[in-house]
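The values are calculated or read from the model by the stated rules, or taken from the named source; none is laboratory data. For clarity, every value in this text was computed on a predicted model and none was experimentally measured. In this analysis, Cβ positions are derived from the backbone assuming ideal geometry, glycine residues included, and neighbour counts consider all displayed protein chains.
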Amino acid sequence: MSGISLTFGGDPVFDGLDLVVQPGDRVALVGRNGSGKSTLMKVMAGLVEADRGDLVVPPGVSVGYMEQDPDMSGFATLGEFASAGLQPGEMYKVERAGEGLKFDPNRSVDTASGGEKRRAALARLMAEAPELMLLDEPTNHLDIEAIGWLEAELATTRAAFVLISHDRAFLRALTRATLWIDRGMVRRQEKGFEAFEEWRDKVWDDEDMQRHKLNRKIKAEARWAVEGISARRKRNQGRVRALKDLRAERSSQIKRQGAAAFELAAGPKSGKKVIDAKGLGKSFDENRIVRDFSLTIQRGDRVAFVGPNGVGKTTVIKMLMGQEAPDEGTVSLGTNLVPAIFDQSRSQLDPDMTLWDSLTGDPDMRVSGKADQVMVRGNPKHVVGYLKEFLFDERQARAPVRSLSGGEKARLLLAKLMARESNILVLDEPTNDLDVETLDLLQEILDDYDGTVLLVSHDRDFLDRVATTTVAMEGNGRATAYAGGWSDYRAQRGVDSVKTVEKTKTKGEKLKQEKSATEGLSFTEKHRLEELPAVMDRLSAEIAKLEEFLMDPDLFSEQPIKFQKATDALVERHTALSDAEEEWLMLEEKAESA
């Protein structure tokens, strides 16, 4: 891309942009919501024509684009759309991607949800395997298992890709360069997303320092212009013009977009015990959602529910909130509960209503006799002023909700939710479509919130930052509570333990078969090399026993002390096993080199 300029309405989105994507690049494209990330990606894909500049794609290089809202008109099924453009006999590529991304190729386009259509569009791109993949929020509407599959596929591809995502863990794992759109400027750093926030903060600190120096210079020159009049009959017109230029420079600087004014006000304090669920069971026909599930939630807990799409996370939360009756077991709710609910489907938003009417028409926010004000945490506010706190401008106030982007709809729903007092929050997929800065802010206000939080999310980084308890729903009625967030759950669950045990056994057998390799080692090293396989076998057996012990679904809620001791022991054994493997490899390499 050379000299690319593009204007929508008044201000240019880009002006004189130069950008090169090399073969094999793995690029994170980041920026605030509304900064132009999707627009830049559409220009790369040739779907939006720039006002000026050149876009060059070398001959023989194919570019594939996965958009957020794919147009499937003319296709009967998702599979038909996903396989368009493939050669006969290549349907297996779509079926493989469909299995990893969890969509049904036979699903009718007319009955498919937005999430299913997005997964079909992603499967189509993965099946086509172009030299450059342009991925716009590919993890939205994917569960954690599907995100893991996509992450593994992209990690091994030889293709270049440019990736827009709010999922920090996904970006950190995959990217080696970062494009940052900020107020129409695109900067590039040859480091992955892991280094982005430090880079961004340094750029902004330098910018603030330069602005501070400019303000000081303007102040000094302005003082000279005023105070020097009495000592001179004529001003130095050159300095006066320079002062005018300095002021013009300051006024031309584009102000950074501020953060939304998120605030949560806790209502009356709830009882210490918020929810006490015992022996819950629930089924729909042959589909077992949960069986014999017990959980006690105390005031201030942050409980996350994780698992594949369709496993029943939302159903379990509805049972815990008393909105749906269990088939078996009991749920006791604490006293003085004042809930606020953020639902995944955004059903609280009418797409045909304006933003103004969406707020003023809400019974909980209506101010009697005041059509231009809303009630916010007990105080009246002008509707436009409140919308501005959530980064909407005055022109958007009368626009329909359907015209908003996914991130803007999420902010509007948060504006409705945060206007009322509450002491228990239910957040069903709140992180979809929010930019990194807004996610940071949401995490901060949840940290400061005095109430209780029930959370469903597939954002692993967000779960680690927020959750104090993670309920893993693994299908077939299995639901187990673990202390901590996503990474804590993975460590306690011992997800990779089977592979570790198999790898350890293989190493031990290899060692026994190659005794001659011990030549060149000291007596102590030879002895240690001979005893390490037994040490690794013992640690692996202890890990297996601890994991079996921790699988008890009632252990966390009924015997928290034993649960914590077993968890600590499991972490200790994993560390010891890793150290033993490292030592074995070191001694083995030393013996071989000798």
**Request:** State whether the residues of region 27-49 include one that is surrounded by fewer than 18 Cβ atoms within 10 Å (Cβ to Cβ), over 23 Å from Glu151 (Cβ atoms), small (Gly, Ala, Ser) and under 24 Å from the mean Cα position of the chain (by Cα).
**Result:** yes
**Prompt:** Taking the condition acidic (Asp, Glu), under 23 Å from the mean Cα position of the chain (by Cα) and modelled with pLDDT of 85 or more, does Asp372 pass?
**Reply:** no
**Test: Leu414 is under 26 Å from Val316 (Cα atoms) and either surrounded by fewer than 20 Cβ atoms within 10 Å (Cβ to Cβ) or among the aromatic types (Phe, Trp, Tyr) (or both)** = no
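The rows are residues; the columns are (1) within 30 Å of Lys278 (Cα to Cα); (2) modelled with pLDDT under 80; (3) out of contact with any strand residue (DSSP E or B) (no Cβ under 7 Å at 6 or more places or on another chain).
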| position | (1), (2), (3) |
| --- | --- |
| Val495 | yes, yes, yes |
| Val498 | no, yes, yes |
| Val501 | no, yes, yes |
| Glu509 | no, yes, yes |
| Phe523 | no, yes, yes |
| Lys545 | yes, no, yes |
| Asp554 | yes, yes, no |
| Leu570 | yes, no, yes |
| Glu589 | no, yes, yes |
**Request:** Report those strands (runs of 3 or more DSSP E) wholly inside region 21-78 carrying at least 2 residues which are within 27 Å of Arg172 (Cα to Cα) and touching a residue at least 24 places away in the same chain (Cβ under 8 Å).
**Result:** 26-31, 63-66
**Prompt:** Does Glu198 satisfy the criteria of being in contact with a strand residue (DSSP E or B) (Cβ under 6 Å, 6 or more places away or on another chain) and acidic (Asp, Glu)?
**Reply:** no
**Asked** Is it fair to say Ser405 is hydroxyl-bearing (Ser, Thr, Tyr) and touching a strand residue (DSSP E or B) at 6+ places or on another chain (Cβ under 6 Å)?
**Response** no
**Prompt:** Does Asp448 meet the test of being surrounded by fewer than 20 Cβ atoms within 10 Å (Cβ to Cβ) and farther than 30 Å from Gly36 by Cβ?
**Reply:** yes
**Message:** Name the residue that is surrounded by the fewest Cβ atoms within 10 Å (Cβ to Cβ), counting only residues in region 535-575 that are in contact (Cβ under 8 Å) with a residue 24 or more places away in the chain and more than 24 Å from Thr480 (Cα to Cα).
**Reply:** Asp537
**Complete:** So, first residue more than 16 Å from Arg299 (Cβ to Cβ) and assigned by TED's automatic domain parsing to the domain that holds Tyr386 in region 258-279, second residue at pLDDT 70 or above and surrounded by fewer than 14 Cβ atoms within 10 Å (Cβ to Cβ), Cβ within less than 7 Å, six or more apart or across chains; the pairs are Lys278/Thr330
**Asked** When you scan region 155-179, how many residues do you find that are of a type outside the set (Ser, Thr, Tyr), within 23 Å of Gly407 (Cβ to Cβ) and not in a loop (DSSP other than H, G, I, E, B)?
**Response** 12
**Prompt:** Consider Gln443 against the criteria (1) over 24 Å from Ala481 (Cα atoms); (2) surrounded by fewer than 22 Cβ atoms within 10 Å (Cβ to Cβ); (3) not hydrophobic (A, V, I, L, M, F, W, C): it satisfies all of them except one. Which criterion is unmet?
**Reply:** (1)
**Asked** Can you pull out the residues in region 87-138 that are hydrophobic (A, V, I, L, M, F, W, C), in a loop (DSSP other than H, G, I, E, B) and surrounded by 16 or more Cβ atoms within 10 Å (Cβ to Cβ)?
**Response** Phe103, Val109, Ala112
